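The values are calculated or read from the model by the stated rules, or taken from the named source; none is laboratory data. Everything numeric here is computed off the predicted structure, so don't read it as measured data. Positions of Cβ are generated from backbone atoms using ideal geometry, with glycine treated the same way; all protein chains shown enter the neighbour counts.
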Amino acid sequence: MKKRHLVVVLIMMIAASGLLTGCGSDKPVLNVYNWGEYMDPEVIQMFEDEFQVKVNYKTYPTNEDMYAKLKSGSAEFDVVFPSDYMLERMIKEDMVAKIDMANIPNYSNINDRFKNLPYDPNNEYSVPYFWGTLGILYNTTMVDEQVDSWASLWDEKYAKQILILDSSRDSIGMALKYLGYSLNTTSDAELAEAKALLLEQKPLVLAYVVDETRNMMVQGEAAMALTWSGEAIDLAAENEDLAYALPKEGSNLWFDVAAIPKNSPNQELAEAFINFLNRPDIAYLNASYVGYSTPNTAAYDQLDDEIKSADSYYPSDDVLDRCEVFYDLGDYNDVYHELWLDIMIDNK
Amino acid sequence: MKKFDGIVYFYGIWVAVLVVLPLLILVLLSFTSGDIYDLSSLTLTLDNYKAALDPSYIGVMMHSLWLAFITNVICLVIGYPVAYIITGLNPRIRNTMVLLILAPMWSNFLLRTYSWMLVLGNNGPINSVLESIGLGTVQLMYNNFGVILGMVYNFLPFMILPIYLSLTRIDNALVEAARDLGATSKDVFFKVKLPLSMPGVFSGTTLVFLPAITTFVISRLLGGGQYVLIGNLIEHKFMVQNDWQVGAAIAVIVAIILLVVLGVLRKLARGRLELSLW
Amino acid sequence: MVKPLKRILIGGLLLFLYLPIIVLALYSFNASEYLGRWEGFSLKWYGALFSNAEIAEALYYTLGVALLATIIATAIGVLASIGLFYSKAKIKKHVMTANYLPIVNPDLITGISLMMFFVFFRARFGFSTMLLAHIIFDVAYVIVVVMPKMMQIDFAQVEAAMDLGANQWVIIGRVILPQIKQGVLAGALLAFTMSIDDFVISFFTAGNRATNLSIAIYSMARRGIKPYVNALATLMFVGIILLIFFINRINDSKKDNENGRLIG
């Protein structure tokens, strides 16, 4: 008897929280699919108010998860935020629509440096959202030497104090750059060298991590970590002990971009949204909220001088010149993935 | 029994359509090569199974089985006594205890695992205590200990619950009868309670051992990527390499192995203790 | 067994089970957003929680799906257990083997296969597809727990009822259910536990309309799980503990003569 009462109460609670989500409205709906915590909720609210639409905002943990959902046809979205290599794959598989750039006048706010990139050479399918580099996050109280080369991640002095990313392109890329090769190489010989190098590194690695880097470094569990600039800068800002270095051999330049899936129900609204995101005030809001490097010059200008001059955040052009963007290597991608799997499974 | 035929038909159809059929799609895919989104490009092949039977993958499978086995044993060793003790408690407290034991599993998995990583870390509370009493820091994470601890933590409640259930319904009349016939407490346990609680042990084992073989997040987070288990492998194939066909082949092989294991467990339970679960 | 030893074991177990929970609750009051770096006491995350629309939506789906799936799956699972227990060996064997598939397969396989299945039937992805997916795997768990209970039924009573001409529903409702009550409740509890924290299967069957707490939290992992998530988890826990005590109070006052049997 009492159980039934409980059930009623609980159902009422659910109904109550359901009201909070404002289900049911006849405004046009914009379906946005993004990484978690990657957009200021205020921005979404402002768009809803200004354009009198409802934004259906959903999140995904990785590019691959987003890709699987989109490819299966189980979910339609108007705007998604793939990383560079994923966009390239989506273009090849005809999953994204060409954007009518005439509808995105705010595109002029994008730094020219971030146009005509390898993954979208004619700027037809995407508008950059955030960018960054791949580098070394290190704890200055635990590392005495100067960290300016990938070699630091192979330094035996720091055995079992190093965190490496469980990500094939990134980690193999690290080895390739250290060897002086391109991280888009399709040379079996070069990859074999990289593999050997990575196996050498394995005994020194405390753990191959995905998202736990930040917690581990903040807790002082490791001395160095291979990680992306966005995260590193966040941490370094909070924790004076931590610093970020972009190795002199060069590294990876990554982009997360806004794109419109081919099956978007409302491409016009999607373009309006992307344009909105690049309005100076909006781009600035997002840049502050997310804390990653913004490709939008209007937003950049509004940032504190301290951030603008930070090397880690906004490295100089000659540093950027040494960085490469990932190419989608088609079938050769699998060589990288299999190689990484081998390294992971290896138990010697 | 005739009376329940309707129900059985209903459930039979439910299982066939909603459990087996969706899996058949993947099984079929495992025998094809080509673009899975362009059906006309598919050809039948056994290549996926050849790839799935790669020797290093077999090693991964062995490792997964081993880890799951240890987890199960530890859960049993801790779980059985705990279930036994709870059964002996005042009925009012018993209910609360069971709920309290399951409740941690209602928190978000990532959250509680990150919390464990904080606790087990070299700078975490446990090591701080160890250091202060002069034992120095011990590596509690990114090794076998951490992974097994994580596994046991997340599976223990599922071992305790079924065993507790089977212990609670043991008819007191049986226990009294045994006592009347001169049985000691030890006899009562080994000859009455233990055998009658075997259905619970069997359930508990299936709820722990089987899922433990295919989990991978625990081992990835607490093992630092050094523990590639069969679950990681399947995930890598499906998501990273976007090779659903080989992934499906591996999954099929794993499912067959596990169903065989299940069959063996069932025979064991049945043979010795007349379990008529099925 | 010696009493203090029992106390230590149970106490130790509870400490072990609740250690991470206590830690995550502690850090919900952390002024810093980083786990492991305590920067002072703050209630700001609790404040942030109440204006967060995304989390509210996720909570709604999580609770809604978990509760509905639990109720429906328990009903189906219990009926199925009863029917199967008394059916012929061959049918029992095949259906039970199939029943174990959701438990034996990795979540990813169940999730992807259901996603493709729903796509094939052009289902409208959202709450209903997620709910159906949850019911499917919850039923499997319910049966695993309820089946053993069927063994402990006094079949004489069932026979008597049949002899007296009772139909299946009366037999189930009046004779069988009361004897397996604990099993039913335990099955429901297990189903709820499996549903409330599911990520993979929910993710693939959600389409663009549905979501849940697990999805929201996993999606935050790359950027760091902010402590308002800890705050939510803490609040949910406090709520659950209060609920448990509330239930106990009701049961206590309800009967002083009856043997209190919610679960046991």
Open item on the list: Within region A:184-204, does at least one residue satisfy the condition of being outside the structural domain of A:Asp84 (by TED's automatic domain parsing) and within 22 Å of A:Pro128 (Cα to Cα)?
Closed with: yes
Picked from region A:194-211 (must be away from chain B (no Cβ under 14 Å) and touching a Phe, Trp or Tyr at 6+ places or on another chain (Cβ under 8 Å)), the residue surrounded by the fewest Cβ atoms within 10 Å (Cβ to Cβ) is A:Glu200
Those residues of region A:297-314 which are closer than 20 Å to A:Ala283 by Cα and out of contact with any Phe, Trp or Tyr (no Cβ under 8 Å at 6 or more places or on another chain) amount to A:Thr297, A:Asp301, A:Asp304, A:Asp305, A:Glu306, A:Ser309, A:Ala310, A:Tyr313
If you go through A:Ala310, A:Ala283, A:Ala299, A:Ala237, the only one that is under 20 Å from the mean Cα position of the chain (by Cα), small (Gly, Ala, Ser) and not in a helix (DSSP H, G or I) is A:Ala310
**OP:** Could you check, for region C:73-93, whether at least one of its residues is away from chain B (no Cβ under 13 Å) and either hydrophobic (A, V, I, L, M, F, W, C) or in contact with a Leu (Cβ under 9 Å, 6 or more places away or on another chain) (or both)?
**Re:** yes
Residue count, region A:40-49, condition farther than 10 Å from A:Ile282 by Cβ and either more than 10 Å from chain C (Cβ to nearest Cβ) or free of Cβ contacts under 8 Å to residues at least 12 places away in the same chain (or both), comes to 4
Output for Cβ contacts, cut-off 7 Å, separation at least six or different chains, first residue facing chain C (nearest Cβ under 7 Å) and touching a residue at least 12 places away in the same chain (Cβ under 8 Å) in region B:96-121, second outside any helix (DSSP H, G or I) and acidic (Asp, Glu), reads B:Met105/C:Asp197; B:Phe109/C:Asp197
Among residues of region B:1-17 being surrounded by fewer than 19 Cβ atoms within 10 Å (Cβ to Cβ) and of a type in the set (A, V, I, L, M), the residue farthest from B:Gly247 (Cα to Cα) is B:Met1
Condition set buried (at least 23 other Cβ atoms within 10 Å of the Cβ) and under 17 Å from B:Ile85 (Cβ atoms), scope region B:169-200, selection nearest to the chain's Cα centre (by Cα): answer is B:Gly200
Note on region A:295-342: residues over 21 Å from A:Glu64 (Cα atoms) and either among the charged types (D, E, K, R) or within 14 Å of chain B (Cβ to nearest Cβ) (or both) are A:Asp301, A:Asp304, A:Asp305, A:Glu306, A:Lys308, A:Asp311, A:Asp317, A:Asp318, A:Asp321, A:Arg322, A:Glu324
Subset of region C:162-190, residues small (Gly, Ala, Ser) and buried (at least 19 other Cβ atoms within 10 Å of the Cβ), comes to C:Gly183, C:Ala186, C:Gly187, C:Ala188
> Is at least one residue of region A:221-233 touching a Pro at 6+ places or on another chain (Cβ under 8 Å), away from chain C (no Cβ under 14 Å) and either in a strand (DSSP E or B) or not hydrophobic (A, V, I, L, M, F, W, C) (or both)?
Replying inline: no
Quick count over region A:119-143, residues being in a loop (DSSP other than H, G, I, E, B), touching a helix residue (DSSP H, G or I) at 6+ places or on another chain (Cβ under 9 Å) and either assigned by TED's automatic domain parsing to the domain that holds A:Asn184 or surrounded by fewer than 15 Cβ atoms within 10 Å (Cβ to Cβ) (or both), is 3
Discussion item. Being closer than 30 Å to A:Glu240 by Cβ and more than 9 Å from chain B (Cβ to nearest Cβ): is that true of C:Ala58 here?
Written reply: no
So the helices (runs of 4 or more DSSP H) completely within region B:185-264 holding 2 or more residues that are under 30 Å from B:Leu165 (Cα atoms) and within 14 Å of chain A (Cβ to nearest Cβ) are B:217-223
If you go through B:Leu165, B:Leu110, B:Leu161, B:Leu156, the only one that is assigned to a helix (DSSP H, G or I), buried (at least 20 other Cβ atoms within 10 Å of the Cβ), touching a Cys at 6+ places or on another chain (Cβ under 7 Å) and of a type outside the set (Phe, Trp, Tyr) is B:Leu156
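The rows are residues; the columns are (1) in the same structural domain as A:Ser152 (by TED's automatic domain parsing); (2) under 23 Å from A:Tyr125 (Cα atoms); (3) out of contact with any Cys (no Cβ under 6 Å at 6 or more places or on another chain); (4) surrounded by fewer than 17 Cβ atoms within 10 Å (Cβ to Cβ).
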residue: A:Leu226; (1), (2), (3), (4): yes, no, yes, no
residue: A:Ala232; (1), (2), (3), (4): yes, no, yes, no
residue: A:Ala243; (1), (2), (3), (4): yes, no, yes, no
residue: A:Ile260; (1), (2), (3), (4): no, yes, yes, no
residue: A:Phe273; (1), (2), (3), (4): no, yes, yes, no
residue: A:Ala287; (1), (2), (3), (4): no, yes, yes, no
residue: A:Tyr292; (1), (2), (3), (4): no, yes, yes, no
residue: A:Asp305; (1), (2), (3), (4): no, no, yes, yes
residue: A:Asp311; (1), (2), (3), (4): no, no, yes, yes
How many residues of region B:43-95 are closer than 30 Å to B:Leu28 by Cβ, assigned to a helix (DSSP H, G or I) and not basic (Lys, Arg)? The answer is 17
Region C:44-150: helices (runs of 4 or more DSSP H) wholly inside it with 1 or more residues that are touching a residue at least 12 places away in the same chain (Cβ under 8 Å) and farther than 30 Å from B:Leu65 by Cα are C:44-50, C:53-85, C:107-120, C:127-150
Check your understanding: Does B:Leu53 satisfy being of a type in the set (A, V, I, L, M), touching a residue at least 60 places away in the same chain (Cβ under 8 Å) and exposed (fewer than 14 other Cβ atoms within 10 Å of the Cβ)?
Key -> yes
